[in-house]
Amino acid sequence: MKIAIYPGTFDPITNGHLDILDRAVKLFDKVIITIARNPSKDPLFSEEERLDMIREAVKHYSNVEVDSFEGLLVEYARSKKASAIVRGLRAISDFEYELQMALMNRKLDGTVETVFLMPNEKYTYLNSSIVREISRYGGDVSEFVPPMVRVSLDREKRMKKST
Ligand code: ADP
């Protein structure tokens with residue numbers, strides 16, 4: 001059984017993330033999409049909210065598990081018996097950081113391979129922080145995120161306004 005980990009912050013999950021996941025599920029028997037807890041980041045959505053949005057967005061897949069973890073990715077991958085880490089590559093700007101992470105992870109554990117997948121070109125400019133920004137200023141994000149995420153972003157915006 002070939003298992004892959006798809007780690008990220010997913011603050012919130014976008015159609016770009018889902019495009020990558022959709023490619024990964026065709027290559028692996030099981031994909032674990034997992035929130036990497038990062039104490040140095042201050043996400044808009046809580047971990048529980050992000051997990052709920054991911055669960056809703058991936059519920060039609062039978063071979064996708066949703067999880068979260070803290071600590072070393074390669075250790076987490078080992079604990080899940082995963083042989084691959086999936087990352088999305090949008091543009092050259094992603095490349096340097098991703099190469100560094102992939103080579104460092106290989107150094108830490110040579111048995112876990114990082115696999116890069118390219119999204120449909122319409123998602124190459126998309127990331128979670130742009131989506132948060134558009135939503136904050138009242139723009140329409142329905143083309144970029146699953147429906148539940150749009151609802152959550154609208155709720156978040158209303159809460160901010162009322163405080
Ligand atoms: P991180 O904070 O680690 O960048 P993200 O949640 O933003 O986490 O992204 C997780 C993974 O998904 C990364 O590999 C990132 O490159 C990829 N990704 C994010 N947005 C897109 C997109 N629009 N198209 C393809 N891959 C994407």
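Starting from 0.36 nm per residue, how many nanometres of slack lie between residue 1 and residue 65 once their C-alpha separation is accounted for? Walk me through the numbers on the way to the answer.
Numbers: separation 64, 0.36 × 64 = 23.04 nm, distance 1.43 nm.
That works out to 21.6 nm of additional length.
Of 30, 41, how do they rank once you tally other Cβ atoms within 10 Å and put the fewest first?
Values: 30 19, 41 9.
Taking fewest neighbouring Cβ atoms as first place, the list is 41, 30.
Among the lysines, which have Cα under 27 Å from the Cα of residue 160 when same-chain residues fewer than 8 positions away are ignored?
Within the straight-line cut-off, residue 160 pairs with 41.
Under 1.5 on a/c is rounded, so check that first for region 3-124, then, if it is not, pick prolate when a/b is larger than b/c and oblate when it is not; a ≥ b ≥ c are the square roots of the alpha carbon gyration tensor eigenvalues.
On the way: a/c = 1.19, a/b = 1.15, b/c = 1.04.
Rounded.
Which FRET efficiency value, to the nearest 0.05, is calculated for residue 79 and residue 151 with the Förster distance at 30 angstrom and r the Cβ-Cβ distance?
On the way: r = 34 Å, r/R0 = 1.12.
E between residue 79 and residue 151, to the nearest 0.05, is 0.35.
Relative to the longest principal Cα axis of the chain, at what angle does helix 47-58 sit, 0 to 90 degrees, rounded to 10?
Between helix and principal axis, roughly 80 degrees.
So if we plug the beta-carbon distance of residue 42 and residue 125 into 1/(1 + (r/R0)^6) with R0 = 35 Å, what FRET efficiency do we get, rounded to 0.05? Please report the intermediate quantities before stating the final value.
On the way: r = 24 Å, r/R0 = 0.68.
Computed FRET efficiency for residue 42 and residue 125 comes out at 0.90.
Subtract the Cα-Cα distance of residue 100 and residue 136 from 0.36 nm times their separation in residues, and report this length gain in nm to one decimal. Don't skip to the end; give the middle numbers.
Working: separation 36, 0.36 × 36 = 12.96 nm, distance 3.22 nm.
Residue separation times 0.36 nm, minus the Cα-Cα distance, leaves 9.7 nm.
Since every read-out is calculated from the coordinates, none of them should be taken as a lab result. Not measured: the values here are computed from a predicted model. Reconstructed Cβ throughout: ideal geometry from the backbone, glycine too, with neighbour counts over all protein chains shown.
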